[in-house]
Every structure is written in structure tokens, then in C-alpha cells.
Amino acid sequence: NAGVTQTPKFQVLKTGQSMTLQCAQDMNHNSMYWYRQDPGMGLRLIYYSASEGTTDKGEVPNGYNVSRLNKREFSLRLESAAPSQTSVYFCASSPGPPSYEQYFGPGTRLTVT
Amino acid sequence: AQSVAQPEDQVNVAEGNPLTVKCTYSVSGNPYLFWYVQYPNRGLQFLLKYITGDNLVKGSYGFEAEFNKSQTSFHLKKPSALVSDSALYFCAVRDGSDYKLSFGAGTTVTVRA
């Protein structure tokens, strides 16, 4: 039982390049989330998927797109990377009621130059 | 709207002394409250939650938290801190009707030997 896995662990992009961050969970959770973590700002929600087939914007969605490929997988795409998107990205999943806690992946450290 | 405040950026304690990390919240509905811990270069790990029931919640690694509705607080406590408790701690809240979690900015705990 691997929990939540993310690939890649590290990535360096040049401004304007695109990439997709992959996330998968093997806990049969309904909900999945993408966050970014920046120093002193906690975690900010980018997008989430309450259940398979649905996605919704979070607090900071600009410059990102997501795909809930199936119940297990939720990918985050940067179409044209900008230096402001330099951050650590975390994927999380949650089973939903009655247990609402989220379980996090190990993160992807992205640098945009 | 929901929000969380962690008023202390840093907490320093000596090993063996009590540890308290403060958190206050704001929600329009019923609060679901969580504490997470993050060790360097790792994802967030769930510590404990309050959904309903007893105001004193016990969690992993000897941590507990007290829900105080009148003061809208959910402080994390440990009676006797260990050096290995040194980490970044996040408080999070969700409105009962919402899928999203809102995180505080985090509190860095340093336990000195």
C-alpha cells in the first residue's frame, strides 16, 4: 500500500515550458487535491476533485489545469511555466465522510528559471 | 469563508517541557479541525482531528488538542516534548459543508536537548 505517490520529485523548467505533474493514490479515496507550498504561506489549494469526473478551482488556479483521469489518478498541468510557479507541489486524497482527513504525497519541487 | 490563524511563527521549548502550538479558526458552519506535521523535505502527516464529540482529542505521537468553541481555538499540546518533535506544524479547518481545507501558515517547533 503505497498511499499517495507523485512524480517527478524534482523538476527544473525554463519560462514558457509546459509539464504535467502526476499523482496517484491506492486507497480508493473519492476526493483528490493539488496544493502549492510557499514559505510563510502555508498550503494553498490549486484545484480539487470531489469525486471521479468532477474538478473545481481552489484558491490559486490561474496558470494551471487538472485532469481526473480515473478514481486513482489526478494530474496537474502547467501550460506555460512562469517563475512565480516555482514552489513545492503536493497532491492529497481523502476518503470523504465520515473520515475527512487528507493524506499527502511526498511532493514535487519545481523551479522555473 | 473559512480561515485559520497560527499566531506564532516559531515555538522553542526544552526537551521534557510541555509544548503548545496555537490555532484559531473562522468558519460559517460547523468546524472540522485538523493538525498536520511536516518534517524537512517530506509531505504532511496527519496528527489528529476534531469532527464532533469530546473537546479533547488525542492523536499520534502523544499529541492532543482541545477544541474550544467559545474562543474558536484548537491548540495542539504535548505534555513532554522530544527533540524528534522538531518540525513544521499546520492547523487546518473545513466548513462542514465544504470539500476544501484551509491551512494556517504553519508554526516551526524547535525542541532543544
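Between B:Leu19 and residues 5 or more places away or on another chain, which pairs have amide H atoms under 5 Å apart, with H built 1.01 Å from N, and which residues are they?
B:Lys78, B:Ser80, B:Ala81
With solvent modelled as a 1.4 Å probe, how much accessible area in total do chains B and A shield from it at their shared surface, in Å² to the nearest 100?
1600 Å²
With the other protein chains left in place, how much accessible area per residue, in square angstrom, belongs to chain B at a 1.4 angstrom probe?
48 Å²
Write down, largest first, the equivalent ellipsoid semi-axes of chain B in whole Å, where each equals the square root of 5 times an eigenvalue of the alpha-carbon gyration tensor.
Sorted largest first and rounded, they come to 23, 14, 12 Å.
May I ask you to find the residues of the stretch A:16-33 that are shielded by at least 30 Å² of accessible area once the whole protein assembly is considered instead of their isolated chain (probe 1.4 Å)?
A:Tyr33
Considering only protein heavy atoms, with the full assembly of protein chains and a 1.4 angstrom probe, order B:Lys49, B:Lys69, B:Lys78, A:Lys9 by accessible area, largest first.
Working: B:Lys49 55, B:Lys69 145, B:Lys78 20, A:Lys9 125 Å².
Order by accessible area, largest first: B:Lys69, A:Lys9, B:Lys49, B:Lys78.
Checking the table A:Lys71/B:Lys100; B:Lys78/B:Lys100; A:Lys14/A:Lys71; A:Lys71/B:Lys58; B:Lys22/B:Lys58; A:Lys9/B:Lys22 against a 24 Å threshold on Cα-Cα, which pairs fail? Mind showing how you got there, number by number?
Numbers: A:Lys71/B:Lys100 18 Å; B:Lys78/B:Lys100 28 Å; A:Lys14/A:Lys71 32 Å; A:Lys71/B:Lys58 31 Å; B:Lys22/B:Lys58 16 Å; A:Lys9/B:Lys22 32 Å.
B:Lys78/B:Lys100; A:Lys14/A:Lys71; A:Lys71/B:Lys58; A:Lys9/B:Lys22, as the Cα separations exceed 24 Å there.
Over the protein assembly as shown, with every protein chain in place, what whole percent of the accessible area is carbon and sulfur at 1.4 Å, could you tell me?
So the carbon and sulfur contribution to the accessible surface is 48 percent.
Heavy-atom accessible surface, probe 1.4 Å, ligands and DNA/RNA ignored: which residues of the stretch A:36-69 lose at least 20 Å² versus the isolated chain?
Buried by 20 Å² or more upon assembly, which counts only protein chains, are A:Gln37, A:Gly40, A:Gly42, A:Leu43, A:Leu45, A:Tyr48, A:Ala50.
Per residue of the stretch B:79-85, what does 6.51 cos²θ - 1.76 cosθ + 1.60 with θ = phi - 60° give for ³J(HN,Hα)? Whole Hz please, x for Gly and Pro, Karplus curve as stated.
x, 9, 6, 10, 4, 5, 7
What does the accessible area per residue of the stretch A:23-112 come to in Å², with a 1.4 Å probe and no ligands, DNA or RNA counted?
On the way: 3610 Å² over 90 residues.
That works out to 40 Å² for each residue.
The values are calculated or read from the model by the stated rules, or taken from the named source; none is laboratory data. Keep in mind it's a predicted model, so treat the numbers as computed, not measured. What goes into the accessible areas is simple: the full protein's heavy atoms, side chains included, and nothing from ligands, DNA or RNA. Shrake-Rupley method; radii C 1.70, N 1.55, O 1.52, S 1.80 Å.
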